[in-house]
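Worksheet: the structure to be examined is printed underneath.
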Amino acid sequence: MAKVSSKKKSSPEHSHSSILSPEGFINVSQSKVNTWRRCRRAFHYKYIEQITPKKRKRPFMFGGIVHEMCEAHFEKDDPFEVLEKIELDNKKLFKREIEMYGNIIEDIRYIMTDYFDHYEGSLKPIKWNGRRSEHEFRIELDYGLWFTGRIDALVKAKKLKWLQEHKSFKRQPGEDDRWRSVQGATYLRAVEMTGGPALDGVLWDYISSKPPVVPTEILKDGSFSKKKVDSLPSSLKAWIKKNGFKKSDYKKLLDEAVENRDHHFIRVFSPLRPRVVDLLWNDFVDTAHEIQELHLKSKTMSIGWGCRMCEFQPLCKAEAHGTDVEFVKRTQYMKETDDHKRDQSERVSED
């Protein structure tokens, strides 16, 4: 029988970023398996060399911050204090990023204000091992081969029990994205194997990373157009207050902003399908064994359409063109830090 353990906090042997634990055991996660299947060279850079781009993409920054805020909310802490601390700790970073992405902290403040307001009281967290969220686990698949992961939350909704996963998105995910999700299947199996509650499926909790907009079109009389914009109530109210306008003059826009929540925040309840879980789990374990055997031997470059989204494309392009790979690595990449320890693809839906 597989050995299992679950943890309340991160520990050295449970490392999402490293393939090797301090004891020399192999740690695999759903993200490691997905990366290995997609491209072994990307796997090598990400998990063996443990490098990451110096410039983090906005979706990854957004997804990481949102996860921390959701965790604080579940644990009955103030999520906006978390946001303020992140802003303070990364003041210089965010000042640079504003030029590229806009004010990501301000965007998140508006988006999450509406998110928490929109869903207030709709879920009941299931306490497990002393926590209401961020449940870590380790499962020994074979001697020296461990499956590690972190589950966002277990919740009660619609009189059923669900594994909840938060995802930020630019493109709204569809059913095809969900049924083939290695993460959903393996996490359901992990809860079962670690003695967690019997679950009825996965609750995919999607949060749009698109910044809410406000009116910008100025009419001939000097007033702003009241045409519908893709805003959110908190952002629109702040704009009205800043400009000294009356809320009553923008009631229609405010009502439309409330309606906009339905496509900024989407929850999909995917019922448990044991056959799909078995299929994806068995293939996951096969790939985990492959990683255990070949992770230091194989770093094949899989050049194809997927490269356009890969964070390591500049390195592969440099190698293919015969230019200085080490120079690109020094100038565009850095060693992974604690801020990047959690697998990035667990936070963001694929575009």
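Quick look at the numbers
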item: Candidate set: segment 65-88, residues that are closer than 28 Å to Cys310 by Cα and modelled with pLDDT under 90; chosen: the one nearest to the chain's Cα centre (by Cα); result: Ile86
item: Whichever residue in segment 286-315 is within 23 Å of the chain's Cα centre (by Cα) and not in a loop (DSSP other than H, G, I, E, B) and, among such residues, is surrounded by the most Cβ atoms within 10 Å (Cβ to Cβ); result: Ala288
item: Enumeration of residues in segment 57-71 that are surrounded by 19 or more Cβ atoms within 10 Å (Cβ to Cβ) and either part of a strand (DSSP E or B) or without any contact (Cβ under 8 Å) to a residue 60 or more places away in the chain (or both); result: Met61, Ile65, Met69
item: Segment 221-233 residues that are of a type in the set (Phe, Trp, Tyr), paired with ones that are assigned to a loop (DSSP other than H, G, I, E, B) (beta carbon under 9 Å, 6 or more apart); result: Phe224/Val214; Phe224/Pro215; Phe224/Thr216; Phe224/Glu217; Phe224/Asn243; Phe224/Phe245
item: Close pairs from segment 116-141: first among the hydrophobic types (A, V, I, L, M, F, W, C), partner part of a loop (DSSP other than H, G, I, E, B) and at pLDDT below 95, Cβ under 9 Å, at least 6 apart; result: Phe137/His14; Ile139/Ala2; Ile139/Lys3; Leu141/Ala2
item: Hits in segment 179-199 (condition: under 14 Å from Arg275 (Cα atoms) and in contact with a Leu (Cβ under 9 Å, 6 or more places away or on another chain)); result: Arg180, Ser181, Val182, Gly184, Ala185, Thr186, Leu188, Arg189
item: Neighbours by Cβ (under 9 Å, 6+ apart or cross-chain): first from segment 309-328, in contact (Cβ under 8 Å) with a residue 24 or more places away in the chain and more than 11 Å from Arg41 (Cβ to Cβ); second of a type in the set (Gly, Ala, Ser) and part of a helix (DSSP H, G or I); result: Glu311/Ala42
item: Residue satisfying condition, being on the phi < 0 side of the Ramachandran plot and at pLDDT below 95, within set Asp221, Asp255, Asp262; result: Asp221
item: Hey, Asp278 within 24 Å of the chain's Cα centre (by Cα), free of Cβ contacts under 8 Å to residues at least 24 places away in the same chain and not in a loop (DSSP other than H, G, I, E, B) or not; result: no
item: Meets criteria (farther than 28 Å from Leu145 by Cα and at pLDDT 95 or above) for Phe62; result: no
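The values are calculated or read from the model by the stated rules, or taken from the named source; none is laboratory data. Quick caveat: nothing in here was measured; it's all calculated off a predicted structure. Positions of Cβ are generated from backbone atoms using ideal geometry, with glycine treated the same way; all protein chains shown enter the neighbour counts.
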